[in-house]
Amino acid sequence: MKVSLSDLLQSVRIAKTDTAFIELAADAGARLTSVRNAFLHLVVEGEAFVDAGGTGKVERLGPGDYLTSLGTRPQIVMTARDARITASDYFVATHTHDSPPTIRFGRGRCVARLLSGAFHLPVVNPLVRALPRHMIVRKADAEGRSLLDVDIASLARSAIGPGATTLLTSTLDVLFMQAVRSEVAALFKDGLQIAGGVDRFRIPIALSLVHSHPDRRWTLARLANEVGVSRSTLAAEFSAVVGEPLMQYVTRLRMTRAADMLRWQPVAVADVAWNVGYESVSSFTRAFRNFFGVTPAAYQRAQAPRYAEAISGHMHWTPFLGDDD
């Protein structure tokens, strides 16, 4: 079975979304800062320029166009390249609005209106780390081929009133996945097979597959087939990037997930075995004992629920955890 793009998109869902409508007068702009690690700017009316991350590289967006920006650097949205910029810390705080507010910058008639959203992405996700820092989706390019053909006027009307914040959270999730899909779809042949020459995605895709589907019967040969290289190439690249052999990593992930299930959930050992990729309880028990020194049943009896800060199945990918660009 070849990897599908849907498999990968499951691992890049957004969270902790906060949205606002940004209205800009002529020659006005806003510098938006957030504690979250991603932004999305959708032009609802008029035309806007976006400097994502304060890099000096300015993108021009028309109605229906949107830009996603990964990283924690401030965003500048404006109606002219030499606009007067006003700083805003709206996205620094956490809000509980049922309907997104409208924030106005500049005096006079509004010439551009944007829906801007700040959200959180799991930076330990290797596929997220492999994505471009900025992705642009043009309405003209996406029409008829997108996951969501955005009717800008309808979106603006629907995003006001009770429940609008929840609606926009789901909308931004789809828009972000659409941007990722547009970026990654070129790597797939016939919608399933990964094309060659995509070295920067190979190990992140392998990691994402293993983390998204620990229940699958992964082998070095199967994962190599999924990412379109030989077993020796994948084994060498994986060890060089991650720092340990691939199947050793898979076992460690499975045992970590299994331990979390046994610790936090009232589940049968057989169900845990199946969920982490073992067809029999005996083979799972042997692997678990070799890893932890006790059987799964003994581990489960000894572990009282502990509500620590640990995240289920949270592994460390230090090669992908550098500073934001």
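Worth a mention:
- Odd one out for residue 254, checked against (1) in contact with a Lys or Arg (Cβ under 8 Å, 6 or more places away or on another chain); (2) closer than 30 Å to residue 131 by Cα; (3) among the basic types (Lys, Arg): (1)
- Flag for residue 33 being under 27 Å from residue 161 (Cβ atoms), of a type in the set (S, T, N, Q) and at pLDDT 90 or above: no
- Near pairs, Cβ below 7 angstrom, 6+ apart or cross-chain, from segment 259-271 (free of Cβ contacts under 8 Å to residues at least 60 places away in the same chain) to any residue that is of a type in the set (Val, Ile, Thr): 261/267; 261/272; 262/272; 269/281; 270/281
- Residue check, residue 255 surrounded by 16 or more Cβ atoms within 10 Å (Cβ to Cβ), modelled with pLDDT of 90 or more and not small (Gly, Ala, Ser): yes
- Among the conditions (1) modelled with pLDDT under 70; (2) in the same structural domain as residue 61 (by TED's automatic domain parsing); (3) closer than 30 Å to residue 225 by Cβ; (4) not small (Gly, Ala, Ser), residue 180 misses just one, which is (1).
- Taking the numbered list (1) at pLDDT 85 or above; (2) closer than 30 Å to residue 112 by Cβ; (3) touching a helix residue (DSSP H, G or I) at 6+ places or on another chain (Cβ under 6 Å) in turn, residue 245 passes all entries but (2).
- Any hit, segment 283-305, residues being closer than 28 Å to residue 130 by Cβ and not polar (S, T, N, Q): no
- Taken together, the criteria place residue 241 among residues that are within 26 Å of the chain's Cα centre (by Cα), assigned to a helix (DSSP H, G or I) and in contact (Cβ under 8 Å) with a residue 12 or more places away in the chain.
- Residue tally, condition within 24 Å of residue 141 (Cβ to Cβ) and of a type outside the set (Ser, Thr, Tyr), over segment 77-100: 3
- Residue 40 being modelled with pLDDT under 90 and surrounded by 17 or more Cβ atoms within 10 Å (Cβ to Cβ): no
- As a summary of the residue check, residue 150 satisfies the conditions (1) crowded, with 20+ Cβ neighbours inside 10 Å; (2) in a loop (DSSP other than H, G, I, E, B); (3) modelled with pLDDT of 80 or more except for the one numbered (3).
- Hey, residue 20 touching a residue at least 40 places away in the same chain (Cβ under 8 Å) and in contact with a Gly (Cβ under 6 Å, 6 or more places away or on another chain) or not: no
- Scanning segment 244-286 for residues that are farther than 21 Å from residue 302 by Cβ, among the small types (Gly, Ala, Ser) and assigned to a loop (DSSP other than H, G, I, E, B) yields 277, 280.
- Candidates 157, 133: the one that is at pLDDT 65 or above, surrounded by fewer than 17 Cβ atoms within 10 Å (Cβ to Cβ) and more than 16 Å from the chain's Cα centre (by Cα) is 157.
- The lone criterion from (1) at pLDDT below 90; (2) not in a helix (DSSP H, G or I) left unmet by residue 301 is number (2).
The values are calculated or read from the model by the stated rules, or taken from the named source; none is laboratory data. Everything numeric here is computed off the predicted structure, so don't read it as measured data. Positions of Cβ are backbone-derived with ideal geometry, glycine not excepted, and every protein chain shown enters the neighbour counts.
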